């Protein structure tokens with residue numbers, strides 16, 4: 001196995017880094033201050049997109065730094081998962097960069113689904129404007145009334161009725177639902193079928209958000225922040241009727257599609273965590289050497305140098321593990337890399353949480369304010385320990401696979 005980036009990967013990485021240094025880093029702090037000031041309330045219908053975003057997106061697209069996550073040379077950059085990994089890391093150093101390069105969740109995962117499993121008509125209607133950055137999308141999976149760590153607990157339904165599908169149920173933590181550009185949801189729900197197995201009774205359905213019966217209830221705060229103008233919403237579906245061709249790949253294909261969606265997405269999430277950790281470590285060192293207390297730089301007090309060393313070790317360990325998972329995903333597919341993908345999902349967010357926490361401590365009061373990227377990185381890390389499956393689910397899968405190696409089926 002070889003984790004050395006290809007020439008194409010290095011070229012894209014250098015161009016992304018130059019773009020970020022020139023266009024993002026000088027404006028990001030001001031951008032987030034203005035976003036928070038302009039969208040500070042829970043009135044999500046009044047949220048507006050900062051004009052800088054679309055201007056930066058236009059520049060990134062003109063520079064050929066667009067849809068870099070998609071392994072298709074015509075629609076994206078044509079990079080493998082391993083080739084894209086260091087680019088995802090670079091964008092993780094910023095809370096704005098993924099959107100600027102049209103590589104942000106949940107859109108990237110939804111685009112992967114449509115690219116791999118969508119019909120020609122679904123691609124025309126939804127994938128093309130998503131690839132163009134003209135609209136946003138959301139993914140409706142987690143439910144407020146059941147333990148969603150077990151996805152088979154879903155109570156929402158997508159029932160075939162003649163030539164229609166009827167949707168009912170409640171979802172929350174639907175990320176991006178407050179964005180005024182959000183136009184379509186992928187709704188995952190039960191499609192009861194007694195002849196199908198436990199993982200053959202769920203479907204994914206494309207739902208235009210202006211369909212009658214789709215009721216956005218509220219945006220849910222994350223650590224006291226609405227994350228405007230993105231938002232994480234609670235949305236109810238009441239007798240929502242759509243043509244049967246709104247199913248992606250047909251009824252009962254939900255879990256099969258989810259396997260294809262979540263593998264690359266988890267690589268992207270974890271590499272962005274590594275980028276955020278690198279940025280946090282830089283901020284911690286710079287702050288610790290500029291500020292003095294008791295006659296010494298802060299970094300020379302209280303074991304802080306050891307924390308720097310521990311951060312370096314942890315970041316590099318997480319990177320190597322994630323690159324290995326990316327390599328194995330490319331070589332064997334998601335089913336062949338189950339252990340590695342589950343492992344990085346446990347390791348990378350937890351590593352980021354620890355590194356950011358140490359950086360916050362060095363920053364003192366500034367660390368818990370919105371004057372640095374640290375609070376955003378901390379929310380990202382802690383949330384990712386739940387999103388796409390909590391740590392415990394991934395550890396359970398890893399243990400199960402290890403037991404199987406020793407001939408234990410359960």
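Looking at segment 122-136, can you tell me whether even one residue there is outside the structural domain of residue 263 (by TED's automatic domain parsing), within 30 Å of residue 396 (Cα to Cα) and not in a loop (DSSP other than H, G, I, E, B)? No - not one qualifying residue is present in segment 122-136.
Exactly one residue out of 374, 329 is closer than 21 Å to residue 289 by Cα and either at pLDDT below 95 or in contact with a helix residue (DSSP H, G or I) (Cβ under 6 Å, 6 or more places away or on another chain) (or both): that is 374. When segment 367-397 is limited to residues that are over 13 Å from the mean Cα position of the chain (by Cα) and within 10 Å of residue 345 (Cβ to Cβ), the one that is surrounded by the most Cβ atoms within 10 Å (Cβ to Cβ) turns out to be 394.
Could you list, in sequence order, the residues of segment 341-352 that are over 16 Å from the mean Cα position of the chain (by Cα) and either under 21 Å from residue 94 (Cα atoms) or surrounded by fewer than 18 Cβ atoms within 10 Å (Cβ to Cβ) (or both)?
351
So is residue 264 touching a strand residue (DSSP E or B) at 6+ places or on another chain (Cβ under 7 Å), over 30 Å from residue 44 (Cα atoms) and either assigned by TED's automatic domain parsing to the domain that holds residue 354 or not in a helix (DSSP H, G or I) (or both) or not?
Values: touching a strand residue (DSSP E or B) at 6+ places or on another chain (Cβ under 7 Å): no; over 30 Å from residue 44 (Cα atoms): yes; either assigned by TED's automatic domain parsing to the domain that holds residue 354 or not in a helix (DSSP H, G or I) (or both): yes.
When the stated conditions are applied, residue 264 does not pass them.
Only one of these is without any contact (Cβ under 8 Å) to a residue 24 or more places away in the chain and closer than 23 Å to residue 17 by Cβ: 99, 128, 73, 83. Name it.
73
Among the residues of segment 1-43, write down those that are surrounded by 15 or more Cβ atoms within 10 Å (Cβ to Cβ), at pLDDT below 95 and farther than 29 Å from residue 222 by Cα. Of everything in segment 1-43, just one residue is surrounded by 15 or more Cβ atoms within 10 Å (Cβ to Cβ), at pLDDT below 95 and farther than 29 Å from residue 222 by Cα, namely 5.
The criterion of at least 2 residues that are under 19 Å from the mean Cα position of the chain (by Cα) is met by the following helices (runs of 4 or more DSSP H) wholly inside segment 21-118: 51-62, 81-91, 97-100, 107-117.
The residues of segment 11-37 that are touching a residue at least 24 places away in the same chain (Cβ under 8 Å) and either out of contact with any helix residue (DSSP H, G or I) (no Cβ under 8 Å at 6 or more places or on another chain) or not assigned by TED's automatic domain parsing to the domain that holds residue 88 (or both), listed by number, are 15, 25, 28, 29, 33, 35, 36. Candidates are the residues of segment 286-340 that are at positive phi and without any contact (Cβ under 8 Å) to a residue 24 or more places away in the chain; the one that is surrounded by the most Cβ atoms within 10 Å (Cβ to Cβ) is 302. Applying the selection to segment 216-261, what residues are on the phi > 0 side of the Ramachandran plot, surrounded by 18 or more Cβ atoms within 10 Å (Cβ to Cβ) and in contact with a strand residue (DSSP E or B) (Cβ under 7 Å, 6 or more places away or on another chain)? Listed by number, the residues that qualify are 231, 252.
The values are calculated or read from the model by the stated rules, or taken from the named source; none is laboratory data. Here the structure is a predicted model, which means the values were calculated and not measured. Note: ideal-geometry Cβ built from the backbone for every residue, glycine included; neighbour counts use all protein chains shown.
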